[in-house]
Amino acid sequence: MRHTLLGVVAMTATFAAWACEPLEPAYRLERPRLLGAKLVVTAEPTRANLRAGDAVVLETYTGSLTKDRGAFASAVFTVCAAADDPIEARCVGPRFADTSTRGPEDPRVAFTVPPGSAGKMLVFAMFCVEGEAAIATNELRGACDRGTGQEMVVRFEVGGAPNTHPVLGSDSIALDGVPIVEGRGCGEGARVVRADGISHDLTIAVAGAEDGEEILVSHVVTAGKLEGLYSNAGSDGTFRVGWEPPTTLPEGRVPVRLHVVARDGRGGVAARVVDICLEKGTAP
Amino acid sequence: MLSRRKGALVALSFIVAYGPFAALAAPVVVPPRVDVVPEAEAQAPDHEVIVEVELLVAADGTVSELRIVSEANAIYDEATIAALKKARFFPAEKDGTKTAAKIRYTMTFRARLEPIAATTARREPAAEAANAPSATPNKPAVPEADQATFGARAVTEAPARETTARSMATTELRMLGTRGDPLRAVELMPGMGRTTFGNPLPLIRGSSPFESQVFYEGLPVPLLYHFGGITSFVPARALDRVDFYPGNFSARYGRVLGGVIDVRARDPHTDGVHGALDVSFIDASASAEATIVGKTKDGAAEDPDAPKVAALVGFRRSYIDAYFSAIAPEELGVRTAPAYYDYQGTVYAKLSRKHSARVFVIGSRDSFELVADRPDDNEPLARGTFEAKTAFHRVQASLKSRFSDTFSQETTVAFGVENYRQNIGAIARQDVDQAAIRARAEWTYRPVKELRLVLGVDHASQRFDGTYEGVRPQFEAGAPVTPSALPRARGTGGTWVHTPALYAEAGLLLADGVTLMPSIRVDHFGPTTSTTLDPRLALRAAVTAKTTLKVGVGKFTQHPQVVQALRDFGNTSIRPGYAMHYSAGVEQLVSDDAKLGMEGFVKTLHDLPFDTRNLVAPYYDNIGTGSVVGLELEARVLPKNRVYGLVSYTLSRSIRHREDEPIRLFENDQTHLASAALAVRLGKGWEASATFRLTSANPRTPVLSATYDAATDQYVARPGPLSSERGPAYHRLDLHVEKTWTFTNWKLMAYLDIQNVYNAANRETLSYNYDYTRSQGSPSFPPFFPSLGIRGEL
């Protein structure tokens, strides 16, 4: 028996991570990007596991450096029973709930889980920054008639174990200990921070985790440097991540957006967006 | 605690006190080195014959006195004397002046079917004589003030049992590798692929690392390099030679369909007490050896029936851990800094003229443990503990008996334990203990001069106990994988794996210099209760005194990895895969110390146990086939003179085919493998060597696009044609310079070793950004890496 495979991966990954500068920081939002998706049971919004016959809304979360809402111009969705293939998204049987959306908001797609269905299912989507999105008829491949786009797959299981969505409450995100009130831009009530070269602590609290459940939280920011893209919420659901604002800023105030998405790995999702208003400061 | 500056001063003080400056007080003595030793003219014996001679090399390089120290029989004694009387040496030097000196020279005639003249006796030992560092301590046996006695040894070529056997002895292993790394030197041979950092197993003739095996004294060991590439698991000083069988190997080796590397341990010296201490930036090692019974007495003839016992122990430990914390990235918490150690022990006992025994103790341990508090940006499962511990410990005993002139036996029994503990954050973790009993017995019968018959048993019983939890193990490489998206598997338990084997060989001398070697091997694999039969045939024909043609064909079966056949984890219906090897070539002696070689080979691969597409059930199955075609060229100058080295080139193409995919290049296909190594004895104790490698990069699979998986917040790559791209060629130059000061009773060496002299980046693999829209080449290990060391030998 050879036991070396993991060692190979470990050594290679460690060296590669050490030797290479990242090409693009994953925690910084520099172009239109998919950030998450959540399946919400219309009749019971806190429930994260789906049952046959459930009326469901798929909420999507996207981000952009330039757009305030809806990073993508168009999107198209299809839902189907999934093949037993953990890597490649493939359908078994007919697709249903084909939907196209276009508009300034993040797409929301409603469909009903077929009565009598069970097992693995998936939502496949194509998002386009400019043109019209389409999905091929013979395989799950997306395309845009112009410009760039991104494919998305949301896998879920019908009839799985009971689960509820985690919660990111209104005061769940704090900057240097003071909760950031959800707002837009640098308008009234915005949290103002001086870009004076000092790092700040973001504290994020996720509620609703079940015993022993590990919540993975991704955090993306439109400016500055975060300690990383991911954090694991501790046993109390709270964790800290450092944020270093950019030091070169235009005159006046600049809004910085922080997207936070929490996942429990079993279909439970919570998302929240807050703005921090940054104004030019003097480096210490 | 000392400051760095103070620490450096202390170290410098030590070197000054005990190092080169101390040498100024003693005379500089350079031992004699072999210039020419004619062939020993004698028929090959039925069994190995050793003749030990003490000779006086005059100041003009001629042999002026000659005395048999350990006699064999009249034929070989006389042949040895006749050859050595005509020998010429580069005389010893004392403080730059040529002087007479004694050396002890051992000529070994190994049993073979061909007349010895047809293959030319190899005198690797001459190299040792020429290469002062291995000179034995020297109590002048001849009462002349200017004389010193040095050891030397000659060994004729090993008896041919396979189409191609490529060997390297101590001098080449020490000087042609990097940092005196013996197995790095073997990588220079044709047919040896370039291993990548992190892969501790050899790539041989286009085969997967899992398809070849490293043996230590005939029994398998789990690794070739510490930490997958830093240094060999055993230091050069502990070795006699390394044999490399790239294909069509003897039936004594089995269970692999690629190639074999057999590391052969050195017997302890039998002439007193010796020791060595080696200190470098990376590790330190110490060894000691002593004659316990039957020390060779200077000036006295030995009783060949007298028992003799000698022992050797060695230990090496790295101390990268001493400074690793200082250079590790801040975000990594270092629980156990990378460290390795290995040890070797040998007891050699010549029980009588007919019986000898050897006991080996060998072990190795690599370990590191890091903690990453925050998940990696490109893989959220890469968080927590990163740990790798690989350890093996083994005791191995062998008994060699020559019952008569026609019948002999060699038996080996070994018991060993191995532990593998690996954690890759939340991606996977495993902790496996293995205990193994291995036994090998081989009986050789030679009823007539023209026929040699060998019957052998090769058994292993292994007990595995362990746990695994993580992404399902993959054995085939392809597109970059997103561990978060891979299927997971877990298992806990234990199992016995019994793999008995029986083999038989014949060596038939069809005509003068023409040997036919048919063999057959039967293997049984317990977990799948499969029994396989491998017939093999090799032919070597010495068409002239200097030209040997060779051809081979054979079947080589390899059972699936145990994990692939485990119930509830793998596929219990999986069968062994096999390869057919076909090869033909020519070996040409150019001179006494230079030879050329050319060999073409074809391997066809069948029923390979491959991963299923996307690792869906049954996860692993016999759905793989493949082939490898290649040509190997070699020019080699043996270390008998001032300059030696080798040039090798391998052209090959290795392809694989999973039944539901197009034919593709093998992920470790390296079309061109070119190596050049040159070592020069510069005089006055200076030696230098340079090694250059130019090889194709490994193929890689392009990423066409990626799909965002909302459940894991990861992008899953959509691969293009597998193995359809290749990065820029890999090239690297290593240098090694050492200076030896020879004193009356000991030697001191200082050496500088530089890996990757011009810091070639060799960006053959790609790293990607989070959504696979951007990529860049990742530099290969090692970067420019100098290492300075000192070594003292008693």
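The values are calculated or read from the model by the stated rules, or taken from the named source; none is laboratory data. Keep in mind that this is a model prediction, so the values were computed, not measured. For neighbour counting, all protein chains shown are included, and Cβ atoms are generated from backbone atoms with ideal geometry for every residue, glycine included.
Of note:
A quick yes/no check of all residues on (1) among the hydroxyl-bearing types (Ser, Thr, Tyr); (2) within 12 Å of another protein chain (Cβ to nearest Cβ); (3) touching a Phe, Trp or Tyr at 6+ places or on another chain (Cβ under 6 Å):
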residue: B:VAL186; (1), (2), (3): no, no, yes
residue: B:TYR216; (1), (2), (3): yes, no, no
residue: B:LEU219; (1), (2), (3): no, no, no
residue: B:LEU223; (1), (2), (3): no, yes, yes
residue: B:ALA236; (1), (2), (3): no, no, no
residue: B:VAL242; (1), (2), (3): no, no, no
residue: B:ARG255; (1), (2), (3): no, yes, no
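- Residue check for B:ALA391: crowded, with 16+ Cβ neighbours inside 10 Å, within 13 Å of chain A (Cβ to nearest Cβ) and among the aliphatic types (A, V, I, L, M): yes
- Strands (runs of 3 or more DSSP E) fully within the stretch B:699-794 counting 1 or more residues that are within 13 Å of chain A (Cβ to nearest Cβ) and more than 26 Å from B:LEU678 (Cα to Cα): B:703-709, B:714-719, B:765-768, B:775-778
- Here the stretch A:170-189 is the region considered, the condition is being assigned to a strand (DSSP E or B) and not small (Gly, Ala, Ser), and the residue that is nearest to A:VAL220 (Cα to Cα) is A:ILE173.
- Matching residues in the stretch A:29-49 - criterion: being within 14 Å of chain B (Cβ to nearest Cβ), more than 13 Å from the chain's Cα centre (by Cα) and either part of a loop (DSSP other than H, G, I, E, B) or among the charged types (D, E, K, R) (or both): A:GLU30, A:ARG31, A:ALA48, A:ASN49
- Residue that is nearest to the other protein chains (Cβ to nearest Cβ) [pool: residues in the stretch A:50-65 that are buried (at least 21 other Cβ atoms within 10 Å of the Cβ) and among the polar types (S, T, N, Q)]: A:THR60
- Candidates B:SER404, B:SER398, B:SER408, B:SER484 - the one that is out of contact with any helix residue (DSSP H, G or I) (no Cβ under 7 Å at 6 or more places or on another chain), surrounded by 19 or more Cβ atoms within 10 Å (Cβ to Cβ) and not in a strand (DSSP E or B): B:SER484
So that you can scan it fast, the table gives a plain yes or no per residue for (1) more than 14 Å from chain B (Cβ to nearest Cβ); (2) more than 21 Å from the chain's Cα centre (by Cα); (3) not hydrophobic (A, V, I, L, M, F, W, C):
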site: A:PHE72; (1), (2), (3): no, no, no
site: A:PRO86; (1), (2), (3): no, no, yes
site: A:ARG95; (1), (2), (3): yes, yes, yes
site: A:SER100; (1), (2), (3): yes, no, yes
site: A:PRO114; (1), (2), (3): yes, yes, yes
site: A:GLY119; (1), (2), (3): yes, yes, yes
site: A:PHE127; (1), (2), (3): no, no, no
site: A:ALA134; (1), (2), (3): yes, yes, no
site: A:GLU151; (1), (2), (3): no, no, yes
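- Filtered by the rule that a residue be at pLDDT 90 or above and on the phi > 0 side of the Ramachandran plot, the stretch B:482-525 gives no residues.
- Of all residues in the stretch B:448-469, those that are out of contact with any Lys or Arg (no Cβ under 6 Å at 6 or more places or on another chain) and in a strand (DSSP E or B) total 15.
- Residues of the stretch B:353-377 that are within 14 Å of chain A (Cβ to nearest Cβ) and either surrounded by fewer than 17 Cβ atoms within 10 Å (Cβ to Cβ) or over 20 Å from the mean Cα position of the chain (by Cα) (or both): B:SER367, B:PHE368, B:GLU369, B:LEU370, B:VAL371, B:ALA372, B:ASP373, B:ARG374, B:PRO375, B:ASP376, B:ASP377.
- Complete set of residues in the stretch A:145-169 that are in contact (Cβ under 8 Å) with a residue 40 or more places away in the chain and either assigned to a strand (DSSP E or B) or touching a Ser or Thr at 6+ places or on another chain (Cβ under 7 Å) (or both): A:GLY149, A:GLN150, A:MET152, A:VAL153, A:VAL154, A:ARG155, A:PHE156, A:GLU157, A:VAL158, A:THR164, A:HIS165, A:VAL167
- Some residue of the stretch B:438-461 being within 29 Å of B:VAL371 (Cβ to Cβ) and more than 10 Å from every other protein chain (Cβ to nearest Cβ): no
- When A:ALA110, A:ALA97, A:ALA83 are screened for being free of Cβ contacts under 8 Å to residues at least 60 places away in the same chain, farther than 24 Å from A:GLY265 by Cβ and either among the aliphatic types (A, V, I, L, M) or not assigned by TED's automatic domain parsing to the domain that holds A:ILE204 (or both), only A:ALA97 passes.
- Residue within the stretch B:411-423 that is under 30 Å from A:ARG155 (Cβ atoms) and touching a strand residue (DSSP E or B) at 6+ places or on another chain (Cβ under 6 Å) present: yes
- Of all the listed residues (B:ILE261, B:ILE230, B:ILE204), the sole one being β-branched (Val, Ile, Thr) and within 14 Å of chain A (Cβ to nearest Cβ) is B:ILE230.
- As for the stretch B:402-421, it holds at least one residue that is among the polar types (S, T, N, Q), more than 9 Å from every other protein chain (Cβ to nearest Cβ) and touching a Pro at 6+ places or on another chain (Cβ under 7 Å).
- Selection status of B:GLU634, crowded, with 22+ Cβ neighbours inside 10 Å, in a strand (DSSP E or B), touching a Leu at 6+ places or on another chain (Cβ under 7 Å) and of a type in the set (Asp, Glu): yes
- Residue in the stretch A:223-239 that is in contact with a Lys or Arg (Cβ under 9 Å, 6 or more places away or on another chain), within 14 Å of chain B (Cβ to nearest Cβ) and among the charged types (D, E, K, R) present: yes
- Residue within the stretch B:754-765 that is surrounded by fewer than 16 Cβ atoms within 10 Å (Cβ to Cβ), touching a Gly at 6+ places or on another chain (Cβ under 8 Å), of a type outside the set (Asp, Glu) and within 18 Å of B:ASP278 (Cβ to Cβ) present: no
- So B:ASN248, is it more than 14 Å from chain A (Cβ to nearest Cβ), farther than 30 Å from B:THR742 by Cα and either within 15 Å of the chain's Cα centre (by Cα) or outside any strand (DSSP E or B) (or both): yes
- All conditions in (1) of a type in the set (A, V, I, L, M); (2) within 14 Å of another protein chain (Cβ to nearest Cβ); (3) in a loop (DSSP other than H, G, I, E, B) hold for B:VAL563, with the sole exception of (3).
- For the stretch B:597-631, filtered to residues that are out of contact with any helix residue (DSSP H, G or I) (no Cβ under 9 Å at 6 or more places or on another chain) and outside any strand (DSSP E or B), the residue that is surrounded by the fewest Cβ atoms within 10 Å (Cβ to Cβ) is B:ALA617.
- Scope the stretch A:60-72; condition in contact with a strand residue (DSSP E or B) (Cβ under 6 Å, 6 or more places away or on another chain) and in contact (Cβ under 8 Å) with a residue 60 or more places away in the chain; matching residues: A:THR60, A:TYR61, A:THR62, A:GLY63, A:PHE72
- Set side by side, the residues A:ARG95, A:ARG108 differ, and just one is surrounded by fewer than 17 Cβ atoms within 10 Å (Cβ to Cβ) and either under 27 Å from B:GLN474 (Cβ atoms) or touching a Phe, Trp or Tyr at 6+ places or on another chain (Cβ under 9 Å) (or both), which is A:ARG95.
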